[in-house]
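The values are calculated or read from the model by the stated rules, or taken from the named source; none is laboratory data. Only a predicted model underlies this, so the values are computations on that prediction, with no experimental measurement involved. Using ideal geometry, Cβ is built from the backbone for each residue, glycine included, and neighbour counts are taken over all protein chains shown. The accessibility values were calculated without ligands, DNA or RNA, using every heavy atom of the protein model including side chains. Shrake-Rupley method; radii C 1.70, N 1.55, O 1.52, S 1.80 Å.
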Amino acid sequence: MIKLMVGLGNPGPEYEDTRHNAGFWWIDGLARGFKVSLTPDKAYHGLVARVNHAPGASGPIWLLEPMTYMNLSGKSVAALARFFKIAPEEILAVHDELDLPPGEMKFKKGGGDGGHNGLRDMRAQLGSGDFWRLRLGIGHPGHKAEVANYVLRKPPLDERQAVE
């Protein structure tokens, strides 16, 4: 059972609408659906919400948006997971995925980081890559050298809507 849902992204208004924040978009939508608010929590280095009555859940589900920047996402995830004794296999990481077109997603457990620094840091901080992943397609710019600028740019409206 999933006990912690983490959206990966970067904090700050300059990153808010960028492709790299697709995980944040997903968690924001989930929070709206559950009618909870994400609030800053210094102990977990992020924005956190507790969902007490999620359908099918036997206990609370935590929503988290790390405010550590993408490359240090594991610091936030591990802090919350350790405190509440949440195992890696009870965590879902929601993140942008270059290898899928906008509007497509894939769900899987475990695997490599595929060059995604947020996943890499989660694996390092948790001591395991055995967490679930929801990969949200954002498309690829076509050339590897353009990836960093591409993920940190705002997508056109039709792509944003497809990702959401």
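General remarks:
- Size of the chain from its Cα atoms: along the principal axes, largest to smallest, the extents are 43, 33, 28 Å.
- Fraction of accessible area attributable to carbon and sulfur, the stretch 1-146 (%, probe 1.4 Å): 53
- The distance between label points at Lys106 and Arg50 comes to 3.6 nm (points 7 Å beyond Cα on the Cα→Cβ vector).
- Pairs of lysines in the chain whose Cα atoms sit within less than 24 Å of one another amount to 17, provided the residues are eight or more positions apart or on different chains.
- Inverse of mean 1/r across different Cα pairs in the stretch 113-164, Kirkwood, Å: 12.9
- Calculated from backbone phi, Karplus (6.51, -1.76, 1.60) coupling profile of the stretch 3-9 in Hz, x at Gly/Pro: 10, 9, 10, 10, x, 8, x
- Distribution of pairwise C-alpha distances over the stretch 53-126, 5 Å bins, in %: 3, 13, 25, 24, 19, 11, 5, 0
- With all protein chains in place and ligands, DNA and RNA left out, the 1.4 Å accessible area ranks His45, His140 as His140, His45, largest first.
- Unit Cα scatterers, Debye sum, the stretch 1-56: log10 I(q)/I(0) for q = 0.14, 0.18, 0.25, 0.30 Å⁻¹: -0.40, -0.65, -1.15, -1.38
- Helices in the chain, meaning DSSP H runs of at least 4 residues, each add -39500 (n - 2.57). Divided by all residues, the mean residue ellipticity at 222 nm is -8000 deg cm²/dmol.
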